[in-house]
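K.L.:
Sharing a structure with you now.
The values are calculated or read from the model by the stated rules, or taken from the named source; none is laboratory data. In this text, all values refer to a predicted model and were calculated from it rather than measured experimentally. Methodologically, a virtual Cβ is constructed for each residue, glycine included, from the backbone with ideal geometry; neighbour enumeration extends over all protein chains shown.
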Amino acid sequence: MMETRILKKQALGTLLERIRGGGFRVLAPSKNDGHVVFKEVATLADVDCEAIQTTLSPKAAVFPRCEELVNYTFTAKNVRIEDHEFQATPTVLFGVRPCDARSLAILNSVFAWDVKDVFFQKRLEATTVIGMSCTKADDYCFCTSVGGSPGDTSGSDLSLTLLGCGDYLAEIVTEKGRRIVSLAEDLFGPAGKVNKEELLPKIPAKFDVKELTGKLPDMFTRNEIWAEQAMRCIGCSTCAFVCPCCACFDIQDEASRQGGTRLRCWDSCGHGQFTLHASGHNPRHSQGDRWRQRIMHKFSYFPDRLGYIACVGCGRCSRSCPADMNLLEHLESLVEAK
Amino acid sequence: MEELRAKAKELLAAGTVKVVVGYGEGSDKYRARAVFVRKAEQADKLICDARCQQNLAVYLTRSEVKAMGKPAVVARPPAMRTLLQLAAERQLAPGDVVVLGISADGKLLDLPDFKAIESYVATVPMDWESNPELARLEAMSSEERWAYWKEQFSHCIKCYACRSSCPLCYCSRCTVECNQPQWIFAAPHTLGNLEWHVMRAMHLAGRCIDCGSCSDACPVGIPLNLLTQMLAREVKSDFDQVAGLSADSEYALSSFKPDDKEDFIR
C-alpha cells in the first residue's frame, strides 16, 4: 500500500527550497512569453501549474533536443575518438502531469531496448518526478483512452493532488520520492481519509485502444484513409517535437578537417527527408504515407515490440498543430472505419 | 458564406475545378481547418469567418493536391498576394487556379484573372507598413536587438513549421537539407537556429507576401514574421519593390540590369 501524507499549501515553496538545497536543479512549468514550458525555477513564484499542459513536454530533461555523443580529431592518418563524458545534473521535474510522467517509461523502453543508451540512462537515473494530478482537462485530453488517468501515479516518484482546501495529498510512489520527502519530513503531515477520485476531472475514454491496436495491421494498405486524413497536414514536425513519447533522432556530424562532433538531434517521421534514400527513392513518398507511419508506430509497432502504446493522450500534438490535425479525432475514425 | 458555397458548388458541378481548397470547421469553436472539397454536395462544409486565417495557397504547390486536378482556392488578401508572387516566380500560370477571393470584410470577390487580383490587392495595406513591433525593434540598440533574437531563437526546436506553413517555401530541397557540403547546421543549437532563421528570412527577403503564417504556426511563439517584414521594408526602400502585388515582376535580389544605379557590380 502506497504511503500517503498531506503537504500544507503554504509548505510548497519551502519544499522547493529544500529540494534545491538538497542539490537538485528544479525544472517546473513556467511562463515564457505567453507559453508555459518546463524550465529551471528558483522559487515557487516562477512555477505555473495552472495550465492544462506545457507547450513542450518535459522529455528534453532526459532526451535533449540536441546533445553531443562523441568528439573526434584527425591527425595524419589517425582518428582519435573520445566519448562525450558528462555528469547528469540531479534534477527534480516538478509539477509533471500524470500523462507526461508515464511517458518517461515509454521513452526508456526505446533507449533501453537492446543497448542501454548511456546518455538517456544517466539522465533518467538523475531525475526525480514530482507529479501533479490534473484539476482540469480539455477536449484534446484523452489519457483515459490510452491507459492513463488524471490522477495516475505510475510515472511519478512523488505524486501531489490538490485538495479542496488548498493542501496537497502526497503519495510516495518510489524510493526516489521518499528521498524527496526526507528532505522535508516536517512539511508532510499525516493523511486522513481522502477520496481522490472526487478531486479529478472526468475524462471518459473515447475509444478502445486494444481494438485500434488489433485493427491497425490490416489497415496498412488502406491508402485512401491515410491520404484523406493527411491531406491538410503541412509536413512539419511540431507534433513529434511537442510529443512526450516521440523518440526518433537524427545523427549530425559537425566537422572540419581537424575533427568534429557527433550530435544527436530530435527528428520526425513527418518530414519527407526522414526516409529519403541516398538513391533518391523515398519509401514514404506522400504525406499520407508519413502520417500512417506516425499512427502505426505509436499504436501498432510500438505495442507489438515494446509493450507500450507510444501515446499518453496529452493532446499536445493536436493543440499545437498549425493545420489542426487532431489525433484523437483521427484515431476515433480509424476505430470506426469499415 | 452562402455565396461562397454556391460558387464552389457551381465550379465543381460544372467540372471547372476538381477541388476547392477552403476552410471548414476545426477541432473547436476557435479553430478552422483546411478542407478539400471534391464533390458539389460537400460544398456546404465550407465556412468563412474570422477563424479562417491560414494561408491556403500553401497547399497549391503540394504534389498531393496537384494530383487532384485543377483547384479553386479560398483566398483572403494574403493568399491572393501569394498567388501573384507564385505567378511571378513561374510556379503558377494564368488559369491554373480559380480564385475564390474573400475581401478583408468577408465578401466573395469576382477575380477572374491576375489583373483583377492585382487591382484588388493594391488597395489592401501590408501589415509591415504599420506594425508597431517593427518600430519597437528598430528603436532598440543593436545589442538589445541581438539579445532579443538570441532569446527568441533559444526557444526554437527546429520543427520547421515556419517553413512548412509558408506558401513561398516551396523548394523541393531546402538549403538546410543540403549536406554535401553542409551549408548551415541542421542541429537545433544556438548557432544552428540562428543560421536557419537568417537563411530563411534572407531567402524570403522581398518574396514574403506578409501573411504571418510562419509566426502563427510556430509552436513556441517566435514572431518570425518580424524578420521578413523588416526585410520587406528594406527591399521596398532599396529597390522600390513589394512582393505579391504583381504577377509579372523581376525579383529584385536575383535580377540584374545593365543600368543599375550601383556601380560596384559592373
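K.L.:
Of A:G272, A:G280, which residue is over 24 Å from A:D117 (Cα atoms) and at the interface with another protein chain (Cβ under 10 Å from one of its Cβ atoms)?
P.N.:
A:G272
K.L.:
Here is a follow-up. Out of B:K70, B:K107, I need the residue that is over 20 Å from A:G288 (Cβ atoms) and out of contact with any Ser or Thr (no Cβ under 9 Å at 6 or more places or on another chain). Which one? Explain how you work it out, then say what you get.
P.N.:
Numbers: B:K70 fails: out of contact with any Ser or Thr (no Cβ under 9 Å at 6 or more places or on another chain).
Answer to the check: B:K107.
K.L.:
Residues of the stretch A:309-338 being crowded, with 22+ Cβ neighbours inside 10 Å and either more than 21 Å from the chain's Cα centre (by Cα) or of a type in the set (V, I, T) (or both), which ones?
P.N.:
A:I309, A:V312, A:A323, listed by residue number.
K.L.:
Would you mind stating whether A:I225 is on the phi < 0 side of the Ramachandran plot and either in a helix (DSSP H, G or I) or in contact with a Phe, Trp or Tyr (Cβ under 6 Å, 6 or more places away or on another chain) (or both)?
P.N.:
When the stated conditions are applied, A:I225 passes them.
K.L.:
How many of the residues making up the stretch A:250-299 are assigned to a loop (DSSP other than H, G, I, E, B), loosely packed, with under 15 Cβ neighbours inside 10 Å and either acidic (D, E) or in contact (Cβ under 8 Å) with a residue 24 or more places away in the chain (or both)?
P.N.:
Residues that pass the stated criteria total 2.
K.L.:
Go through (1) more than 15 Å from the chain's Cα centre (by Cα); (2) in a loop (DSSP other than H, G, I, E, B) one by one and return the number of the condition A:S156 breaks.
P.N.:
Just one mismatch for A:S156, condition (1).
K.L.:
Separate question: For the stretch B:173-262, which helices (runs of 4 or more DSSP H) that fit wholly inside it have 2 or more residues that are of a type in the set (V, I, T) and under 20 Å from the mean Cα position of the chain (by Cα)?
P.N.:
Per the criteria, B:225-239.
K.L.:
Among strands (runs of 3 or more DSSP E) lying entirely in the stretch A:1-120, which contain 2 or more residues that are touching a strand residue (DSSP E or B) at 6+ places or on another chain (Cβ under 6 Å), away from every other protein chain (no Cβ under 14 Å) and over 30 Å from A:T144 (Cα atoms)?
P.N.:
Here the list reads A:66-75, A:78-83.
K.L.:
Also: Among B:E129, B:E151, which is within 14 Å of chain A (Cβ to nearest Cβ), of a type in the set (D, E) and surrounded by fewer than 19 Cβ atoms within 10 Å (Cβ to Cβ)?
P.N.:
So the residue among B:E129, B:E151 that is within 14 Å of chain A (Cβ to nearest Cβ), of a type in the set (D, E) and surrounded by fewer than 19 Cβ atoms within 10 Å (Cβ to Cβ) is B:E151.
K.L.:
If a residue has to be part of a loop (DSSP other than H, G, I, E, B) and buried (at least 17 other Cβ atoms within 10 Å of the Cβ) to count, how many in the stretch A:121-135 make the cut? Before the answer, list the steps.
P.N.:
So in the stretch A:121-135, the residues part of a loop (DSSP other than H, G, I, E, B) come out as A:126, A:133-135.
Checking the rest, the ones that are also buried (at least 17 other Cβ atoms within 10 Å of the Cβ) come to A:126, A:133-134.
The total comes to 3.
K.L.:
If I filter the stretch B:184-193 for residues that are aromatic (F, W, Y) and farther than 17 Å from A:T238 by Cβ, do I get at least one hit? Steps first, please.
P.N.:
Initially, the stretch B:184-193 is screened for residues aromatic (F, W, Y), giving B:185.
Subset that is farther than 17 Å from A:T238 by Cβ: B:185.
Checked the stretch B:184-193: at least one residue is aromatic (F, W, Y) and farther than 17 Å from A:T238 by Cβ.
K.L.:
May I pose another question? Of the residues B:F185, B:F239, which single one is surrounded by 17 or more Cβ atoms within 10 Å (Cβ to Cβ) and either in contact with a Phe, Trp or Tyr (Cβ under 8 Å, 6 or more places away or on another chain) or of a type in the set (A, V, I, L, M, F, W, C) (or both)?
P.N.:
Result of the check over B:F185, B:F239: B:F185.
K.L.:
Which ones in the stretch B:17-31 are within 19 Å of B:E64 (Cα to Cα) and assigned to a loop (DSSP other than H, G, I, E, B)?
P.N.:
B:V17, B:K18
K.L.:
For A:L7, state whether it is over 24 Å from A:A191 (Cβ atoms) and at pLDDT 95 or above.
P.N.:
no
K.L.:
Name the one entry in B:K29, B:K70 that is farther than 21 Å from A:W226 by Cα and modelled with pLDDT under 95.
P.N.:
B:K29
K.L.:
In the stretch A:63-105, what residues are of a type in the set (V, I, T) and crowded, with 24+ Cβ neighbours inside 10 Å?
P.N.:
At the first step, the residues of the stretch A:63-105 found to be of a type in the set (V, I, T) are A:70, A:73, A:75, A:79, A:81, A:89, A:91-92, A:96.
Passing the criteria: A:V92, A:V96.
Per-residue answers, yes or no, for (1) assigned by TED's automatic domain parsing to the domain that holds B:C208; (2) of a type in the set (D, E, K, R):
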residue: B:A57; (1), (2): no, no
residue: B:G95; (1), (2): no, no
residue: B:A104; (1), (2): no, no
residue: B:K107; (1), (2): no, yes
residue: B:K115; (1), (2): no, yes
residue: B:P132; (1), (2): yes, no
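K.L.:
If B:G106 satisfies all but one of (1) within 14 Å of another protein chain (Cβ to nearest Cβ); (2) on the phi > 0 side of the Ramachandran plot, what's the number of the condition it fails?
P.N.:
Checking B:G106 against (1) within 14 Å of another protein chain (Cβ to nearest Cβ); (2) on the phi > 0 side of the Ramachandran plot, the one that fails is (1).
K.L.:
Of all the residues that make up the stretch B:57-68, how many are under 17 Å from B:C208 (Cβ atoms), outside any loop (DSSP other than H, G, I, E, B) and more than 7 Å from chain A (Cβ to nearest Cβ)?
P.N.:
1
K.L.:
Look at B:A8 and say whether it is within 14 Å of chain A (Cβ to nearest Cβ) and either crowded, with 16+ Cβ neighbours inside 10 Å or in contact (Cβ under 8 Å) with a residue 60 or more places away in the chain (or both).
P.N.:
Numbers: within 14 Å of chain A (Cβ to nearest Cβ): no; either crowded, with 16+ Cβ neighbours inside 10 Å or in contact (Cβ under 8 Å) with a residue 60 or more places away in the chain (or both): yes.
The answer is no for B:A8.
K.L.:
Which one of these does B:S213 not meet: (1) buried (at least 20 other Cβ atoms within 10 Å of the Cβ); (2) at pLDDT below 95; (3) closer than 30 Å to B:D248 by Cβ?
P.N.:
(2)
K.L.:
I would also like to ask the following. Out of (1) over 22 Å from A:L327 (Cβ atoms); (2) among the polar types (S, T, N, Q); (3) touching a Pro at 6+ places or on another chain (Cβ under 7 Å), the odd one out for A:S159 is which?
P.N.:
With (1) over 22 Å from A:L327 (Cβ atoms); (2) among the polar types (S, T, N, Q); (3) touching a Pro at 6+ places or on another chain (Cβ under 7 Å) applied to A:S159, the lone miss is (3).
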